[in-house]
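Reading through the structure tokens given below for one structure.
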Amino acid sequence: MNVPTSYVVALSAILFTLGAIGVLIRRNAIIAFMSVELMLNAANLAFIAYARSLQQLSGHIFVFFIIAVAAAEVAVGLALIVTIFKTKNSIDVDQASSLKG
Amino acid sequence: MHFSEAAVEGWFALVPLIIAFPVAGLLVNLALGRRLGERFTGFAASAAVALAFGVAVLQALALQQHPEGARIVVADWIAMGALSVPWAIKVDTLSATMMLMVTGVSTLIHLYAAGYMHDDVRFQGDPGRYTRFFIFFNLFVAAMMILITGDSFLTLFVGWEGVGLCSYLLIGFWYEKGKDGIGNAVAGKKAFVANRIGDFGFLIAMFLTFGAFGSLTFDTVFEHAEAAGPQAGLVITLITLFLLLGAAGKSAQLPLFVWLPDAMAGPTPVSALIHAATMVTAGVYMITRTHVLFHLAPISSSVVAIVGAATAFFAATIAVGQYDIKKVLAYSTISQLGFMVAAVGMGAYVAGMFHLVTHAFFKALLFLGSGSVILGIEHGHHRATHGHGDAHGGHFDPQDMRNMGGMASRMKVTFAVYLMGALALAGIPPLAGFFSKDEILLAAQGGNLLVYALLTAAAFLTAFYMGRQVLLVFFGRARSQAAAQAVENPPLIVVPLVALAGLSMLGGALNLPGVHTLGTWLGHTLGEEHAPEFSLLVAGISTALALAAIVLAWSLYGRRPLVENQPDPLEARLGGLFVALHRKWWVDEFYDWLIVRRYVRLANVLAHQVDTIFWHNWFHDSVLAAGFRRGTRWLAEAFDMPVIDGASAALARLVQRAGGGLRRVQSGYVRNYAVYILAGVVLMLSFFLVRSLS
């Protein structure tokens with residue numbers, strides 16, 4: 001089975017847009033976080049698609065890096081969310097606006 | 001003595017040392033004198049001058065073989081347009097004579113001062129000034145050497161001013177003492193101002209010289225003056241008359257002599273060295289040095305002779321009426337300087353220089369002797385009042401001859417040498433003064449009879465006042481407790497006196513009639529001078545008059561010696577005339593009325609009208625201060641507030657407003673930031689897209 005690259009890239013674009021919209025409109029920090037993961041994985045999908053079509057290894061390497069960075073990000077992000085929840089009793093991102101100018 | 005040619009030539013090159021040694025002495029004392037004490041200070045200062053004397057002796061020996069002398073250029077001093085004055089030293093028989101006399105007498109007086117000042121600083125109550133005294137003394141010798149050795153008017157003038165400064169400093173040495181606590185300072189100021197009038201004359205003479213002959217170097221000026229011929233007669237006459245004014249200031253001649261008697265406020269060694277033996281003869285030396293010009297200006301020469309003779313007579317009359325032992329000697333000095341000036345005015349330069357040298361010997365001796373007497377009396381006063389609670393106070397004047405009397409038995413050596421000096425000054429043969437004075441009288445007798453008459457009368461008065469002084473001081477009975485308990489001084493003070501007494505006795509041998517050693521010696525510089533033959537008539541008259549004067553003095557003061565509180569017998573004989581003599585012919589009062597009081601009034605008017613009202617009240621307050629205030633107010637209101645302040649305030653407002661605007665962007669909502677990021681990414685991507693398409 002040979003899916004054309006353009007289809008995969010289109011799927012990636014759709015996923016990325018969904019993730020971006022999720023980050024922008026959802027106030028729940030966990031959901032926003034998951035949306036970010038969605039955007040990252042959309043980018044991974046695009047990398048893989050082009051790597052396969054161009055028969056190059058560097059796309060794969062990038063994906064590994066992104067997965068590693070996303071894992072680290074999850075660790076830091078979840079710790080932050082836990083701390084915010086402890087102080088504000090809520091995970092609504094709009095509640096965390098102390099740095100307002 | 002005979003030395004190899006090359007060695008002798010080299011000795012001329014050593015002459016700068018004659019200035020360098022005293023300067024070194026004063027620097028050493030300046031740096032170390034206070035730390036190393038009186039003995040060191042006195043020794044260093046005396047040694048410096050003694051070394052200078054050694055240099056002078058070398059110069060004299062070198063001149064024996066090279067009488068034409070030498071010119072040693074020390075440094076290139078002034079070179080400006082047509083004016084070129086190197087600092088050159090002139091060694092010739094004239095300057096060498098002065099070098100020998102000044103350094104020789106200075107050495108003796110330095111030694112004497114080392115002893116005298118030891119006591120003086122203690123009587124005056126400030127031993128710390130001992131070092132300062134010798135620094136000034138060495139500075140004086142250095143300045144005097146510059147004066148003597150200078151080979152141009154300007155280098156001579158540097159020394160001329162230098163000795164004037166030292167004179168001022170040393171007259172006011174005890175500046176907080178004297179009448180009303182400022183008497184000595186006032187005396188110093190008076191000397192300085194009177195000298196300044198003379199210096200004004202000297203300066204004008206220099207300007208005229210440079211204007212007329214384009215040079216200030218003696219030899220060049222003389223050559224040009226001689227070559228200029230008769231049409232330069234007027235300018236040369238003017239130059240020489242202004243030079244005479246300079247000489248009158250420095251050598252205390254009429255009408256500028258008034259400072260010298262007051263200068264006796266200085267310590268006695270100062271009176272001896274500066275105000276009797278050396279500095280005051282600078283005027284005579286200067287006229288002798290410029291004899292070529294005076295030779296070309298016969299009018300000036302006769303004015304010089306008459307000024308000198310008038311001064312000699314005038315000052316001698318005043319000396320008769322003084323009670324202060326040093327004042328008598330001061331007026332005597334003025335009188336003897338008058339003799340010298342009269343001599344050089346008549347063209348008898350050798351006689352003038354001869355009298356200058358012998359006078360230095362016996363007048364230094366007399367001043368130092370009077371210092372010895374004063375010190376003895378002060379010691380006696382100290383002993384007499386010791387234990388009475390009245391240590392140094394009271395109104396006792398140790399210089400008043402009425403407080404003395406009978407000192408001969410208590411100060412034997414001082415008496416002997418003083419008598420020698422007095423007889424030499426009176427012109428008793430065969431002492432030094434006889435020969436030198438006789439030569440001047442001889443020249444006058446062959447020249448100007450008015451001058452001769454004045455000088456002979458002055459010589460008579462000289463013998464009289466010296467007889468009066470010796471009889472008042474040394475004979476009779478003590479007229480005060482202090483005099484009764486006076487003691488002789490230690491050897492350091494007495495030995496220089498004995499040396500000077502020897503010179504006063506034998507100084508006449510320098511230029512004996514018929515031999516003319518000094519005349520031949522100076523002839524190398526001054527040109528051959530026909531010395532008038534020794535005249536038994538002139539010598540006989542002057543000697544007879546001198547003896548008569550001494551007999552007259554004895555009949556007044558010797559037969560029945562003065563007792564305590566008795567008025568001067570001369571006062572009864574002369575009446576009002578004596579008062580006039582005692583009050584110095586009211587010259588000081590006259591000058592005070594003629595010049596000082598008018599000057600003070602003018603100064604007051606200027607101070608009030610011009611300075612206070614015009615400059616201070618009007619110009620300063622109304623113009624400067626008010627104008628400044630107005631100007632600054634305008635600047636503050638029209639420029640500082642709107643422009644400078646406005647600019648900075650506007651800048652601040654701009655930043656504030658920009659910050660206020662940007663503040664709203666910072667909402668604190670994470671989602672807003674995410675929108676900005678997204679918008680930025682979209683913008684960037686669309687930019688690249690548009691660029692790749694076009």
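The values are calculated or read from the model by the stated rules, or taken from the named source; none is laboratory data. Model, not experiment: these values are computed from the prediction. We place every Cβ from the backbone using ideal geometry, glycine too, and count neighbours over all the protein chains shown.
Descriptive notes on the structure:
- Scope segment B:64-114; condition β-branched (V, I, T) and without any contact (Cβ under 8 Å) to a residue 40 or more places away in the chain; matching residues: B:V73
- The residue that is farthest from B:V357 (Cα to Cα), among those in segment B:263-299 that are among the polar types (S, T, N, Q) and assigned to a helix (DSSP H, G or I), is B:T268.
- Flag for B:F137 being in a helix (DSSP H, G or I), of a type in the set (F, W, Y) and touching a residue at least 60 places away in the same chain (Cβ under 8 Å): yes
- Taking each residue of segment B:232-259 that is under 13 Å from B:F192 (Cα atoms) and in a loop (DSSP other than H, G, I, E, B) and looking for partners that are at pLDDT below 90 and of a type in the set (V, I, T) with beta-carbon atoms closer than 7 Å, six or more apart or interchain, yields B:V258/B:V587.
- Per-region count, segment A:53-101, residues more than 14 Å from chain B (Cβ to nearest Cβ) and charged (D, E, K, R): 2
- Which listed residue is closer than 30 Å to B:A443 by Cα, in contact with a helix residue (DSSP H, G or I) (Cβ under 8 Å, 6 or more places away or on another chain) and of a type in the set (G, A, S), from B:A312, B:A408: B:A312
- Lone unmet requirement of (1) modelled with pLDDT of 90 or more; (2) surrounded by fewer than 23 Cβ atoms within 10 Å (Cβ to Cβ) for B:S46: (2)
- Residues within segment B:198-227 that are aliphatic (A, V, I, L, M) and surrounded by fewer than 17 Cβ atoms within 10 Å (Cβ to Cβ), tallied: 2
- Listed conditions (1) more than 24 Å from B:G321 (Cβ to Cβ); (2) within 26 Å of the chain's Cα centre (by Cα) are all met by B:G371, apart from (1).
- Subset of segment B:583-619 that is β-branched (V, I, T) and over 25 Å from the mean Cα position of the chain (by Cα) - its residue that is nearest to B:E571 (Cα to Cα): B:V600
- The set of residues in segment B:325-366 that are within 17 Å of B:S301 (Cβ to Cβ) and aromatic (F, W, Y) comprises B:F339, B:Y349.
- When restricted to residues that are more than 27 Å from B:H110 (Cβ to Cβ) and assigned to a helix (DSSP H, G or I), segment B:483-510 contains 2.
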